[in-house]
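Participant: This is the structure I want to talk about, given as structure tokens.
The values are calculated or read from the model by the stated rules, or taken from the named source; none is laboratory data. What you see is a predicted model, and the numbers here were worked out from it, not measured in a lab. Neighbour counts are summed over all protein chains in view; Cβ atoms, including those assigned to glycine, are modelled from backbone coordinates with ideal geometry.
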Amino acid sequence: MKIFKVTDTTIRDIFQNLNPENINIRNFDEILKLIDEINFESLEVWGGASFERMLSSSFNKSPWEILSYIKSKVSKTGLQGLIGAKNLVNFDYYPEDIIKRFIRLSSKNGISIFRVYDALNDLENLKPAIEIILKNGLQCQGTVIYDSKKDTRYYINFISQLKNAGCQSVCIKDAESMLIPQKSKELFENLKEFDDFDIYLSTQNLKGLQVLNYFEAVSNGCTGIDLSFLPSTYHESSMPSIFPLILSLKEGQTHHSLNEDKVNELYGVIKKDIYPYMNKNISISSIIFNHVNKNLLPGWLILMLENQLSEIGALDKFDLVFEEILKIKKEVGSPLLSTPIGQIIGGQAILNTLISDKRWEIISDEMQSLLKGNFGKLPEEIDSDILNIFKNHEDIESISDLKNENLYENCKNDLRKYSQNEEDILSYCFFPDRTLKFLDQKKKIKSSPMGGLKKQETQVLTAEDTQKIFGTSKENVLFKGKEKIQASKDADMNSFGDLDIKKIKEIIELMENSNLEEIRIESGSLKITLSKTGIIKTETILPQKEADIKSFEKSVHDGKIKDSLHADAYISEKEKIIDIKSPIVGTFYTSPGPGEPPFITAGKSVKKGDTLCIIEAMKLMNKINSDYEGTIEKILVLNEEPVEYNQTIMTIRIK
């Protein structure tokens, strides 16, 4: 009887699918104790977004400390990390120095097995990481991302190359739900020539085929598979995928070596303590159903797109963006949609469909870098029309220039006031803003090691406190009580002269009973913005033509316009104030990185093409460049503050 091996991904999945404050540490200890008794081949504890989620958790421990803690509780089972060959646990590609440090420190804190992948299945990208892992005396499992367009010979050749490079085993990873049971059977039947070499299969097939794929794989020579107590797509009535597979193999020629009593015991704990708090997505099932006959996007990319489109009120455009992703994928050489390629193509799809007036009018820096070959060799030729468009854009720096060899020392210097711990510095290299927040929070929270989760108390500022912080008058302070909000609105309306106050009040009532956050009204020379926050903004609509300017000046002189005016209240043809608006929903950054000087400041002169800021969305850092020459008048958003689509982020006085 053939015995297959099982890698369990439950710990990684818990961090990815639960809000950390919902994980009770006592129950987490119980899970670790039981999982170590089941006889899994290994436990995948890092992979996907788990490192970042650990860093952002309220455990008050870094991902490295959490890893070390898990290792202290798990003595019988090896810990495994899934990493990108050059991007490790993040989106960017990193220099070899960072890769070496990451592998060494991961080993020090408990990981003994690395499953290494490259989004383009580029062997040259994989070789440096494989060599570093082996030099540290660790196990290296090379990864082939499954592509339904490749024949069996492709997999035989790639696995042979990974074996020759020193990998002790290989995993075939189905990232886009392309694998079907018949192909699983054919693939592993043809891979039997590797009878002395372990070949694993990993699939989170969103079409629900993972059990059938696994059954055919292990029945035809597959060495090992990934299972989890948390299903890949969670529904309240679902059973974890581990059970149907175990049942399907009963009385067959293939079996497992898992302790089924401990499996049942652990399932009881997870069902009671984990399932009620899992993040459930109610729309992903309909998305899958509507696209069941197509290649699906990876689950994480579907959720990322859904969140992004929901934020800009364009969730009804999901199918449009979905189709655009598949179209772009084909145009740029049919790369697989693993990290970071999935983010790049997803971001470009939103630009093509929702932001630009026409396809490929704007090309993100990351897409330009992909087309240039900085991420590695693309599987197929780039469409000639796309190449022609690309050539019309300015050339950009290579990835090796963007992430230079001095990165670690630069990050160490930036972090000198917070920590000189090597692990913290590496975390800062990957996620600088989150690391700074973590280290700052760590100083504030007093707790025993891994000793529980604390929720921050909500602090409510008084009107006087708000006035001190923001320098505002009491009349402009936001009040919680509806009566005070209305009183503030009534007082502000007294300055609107002949406007119909009754009608404006009716509009306010309409807005407060709807999901609208803001309404803008123009009347004569005034523009009024009504907001649910309780603040009313007024602006004078400024004339552009000389005749209008004279009329405007006369109105001011005659007292017809009573709103507060300044000496430069009107704008001539030679001088204008331009609003710079955010083209996407994201996070606003004033500088290229923490500790670095801002791109611009109020009063600074800018030229056409100068970078004004960065807006991060879907893990893409989008540079916002100036289309004008002039002077920065105001910056209206704070660093790291979220911004909405079409929100004014700054103003420029241009000539």
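Participant: Determine the pairs where a residue that is closer than 12 Å to residue 367 by Cα and in the same structural domain as residue 329 (by TED's automatic domain parsing), located within segment 380-399, has a partner that is at pLDDT below 65 and not polar (S, T, N, Q) with Cβ atoms under 9 Å apart, the partner being 6 or more residues away or on another chain.
Facilitator: Taking only residues 6 or more apart or on different chains, the pairs are 396/402.
Participant: Pairs only if they're at least six apart or on different chains, beta carbon under 8 angstrom, first in segment 82-99 and within 15 Å of residue 369 (Cα to Cα) and touching a residue at least 60 places away in the same chain (Cβ under 8 Å), second among the acidic types (Asp, Glu) and part of a loop (DSSP other than H, G, I, E, B); list them, first residue then second.
Facilitator: Filtered contacts from segment 82-99: no entries.
Participant: Among (1) on the phi > 0 side of the Ramachandran plot; (2) free of Cβ contacts under 8 Å to residues at least 12 places away in the same chain, which single condition is residue 135 missing?
Facilitator: Among (1) on the phi > 0 side of the Ramachandran plot; (2) free of Cβ contacts under 8 Å to residues at least 12 places away in the same chain, the lone unmet condition for residue 135 is (1).
Participant: In this structure, does residue 48 turn out to be under 25 Å from the mean Cα position of the chain (by Cα), crowded, with 22+ Cβ neighbours inside 10 Å and under 21 Å from residue 142 (Cα atoms)?
Facilitator: no
Participant: Somewhere in segment 8-25, is a residue within 21 Å of residue 258 (Cα to Cα), assigned by TED's automatic domain parsing to the domain that holds residue 110 and assigned to a loop (DSSP other than H, G, I, E, B)?
Facilitator: yes
Participant: Being over 22 Å from residue 243 (Cβ atoms) and not charged (D, E, K, R) narrows it down to one of 70, 31, 35, so name that one.
Facilitator: Residue meeting the stated conditions: 70.
Participant: Would you be able to tell me the number of residues in segment 272-321 that are assigned to a helix (DSSP H, G or I) and modelled with pLDDT of 75 or more?
Facilitator: Residues flagged as assigned to a helix (DSSP H, G or I) and modelled with pLDDT of 75 or more within segment 272-321 amount to 25.
Participant: Which one of the conditions (1) assigned to a strand (DSSP E or B); (2) within 26 Å of residue 343 (Cα to Cα); (3) not small (Gly, Ala, Ser) does residue 51 fail to meet, given that it meets all the rest?
Facilitator: Failing condition for residue 51: (1).
Participant: Which condition breaks for residue 172 when tested against (1) of a type in the set (A, V, I, L, M, F, W, C); (2) touching a Gly at 6+ places or on another chain (Cβ under 9 Å); (3) not in a helix (DSSP H, G or I)?
Facilitator: (2)
Participant: Something else now. When you look at residue 201, is it assigned to a strand (DSSP E or B), in the same structural domain as residue 136 (by TED's automatic domain parsing), without any contact (Cβ under 8 Å) to a residue 40 or more places away in the chain and at negative phi, yes or no?
Facilitator: yes
Participant: Can you pull out the residues in segment 634-651 that are hydroxyl-bearing (Ser, Thr, Tyr) and either assigned to a strand (DSSP E or B) or surrounded by 19 or more Cβ atoms within 10 Å (Cβ to Cβ) (or both)?
Facilitator: The answer is 648, 651.
Participant: Taking segment 303-356 as the region of interest, how many residues are surrounded by fewer than 17 Cβ atoms within 10 Å (Cβ to Cβ), within 17 Å of the chain's Cα centre (by Cα) and in contact (Cβ under 8 Å) with a residue 12 or more places away in the chain?
Facilitator: Summing the residues that are surrounded by fewer than 17 Cβ atoms within 10 Å (Cβ to Cβ), within 17 Å of the chain's Cα centre (by Cα) and in contact (Cβ under 8 Å) with a residue 12 or more places away in the chain in segment 303-356 gives 2.
Participant: Going through segment 205-225 one residue at a time, which ones are in a loop (DSSP other than H, G, I, E, B), buried (at least 21 other Cβ atoms within 10 Å of the Cβ) and either among the aliphatic types (A, V, I, L, M) or in contact with a Gly (Cβ under 8 Å, 6 or more places away or on another chain) (or both)?
Facilitator: Across segment 205-225, the qualifying residue is only 206.
Participant: Give me the strands (runs of 3 or more DSSP E) completely within segment 580-633, filtered to those with at least 1 residues that are more than 18 Å from residue 368 (Cα to Cα), ordered by residue number.
Facilitator: By residue number, 586-589, 611-617.
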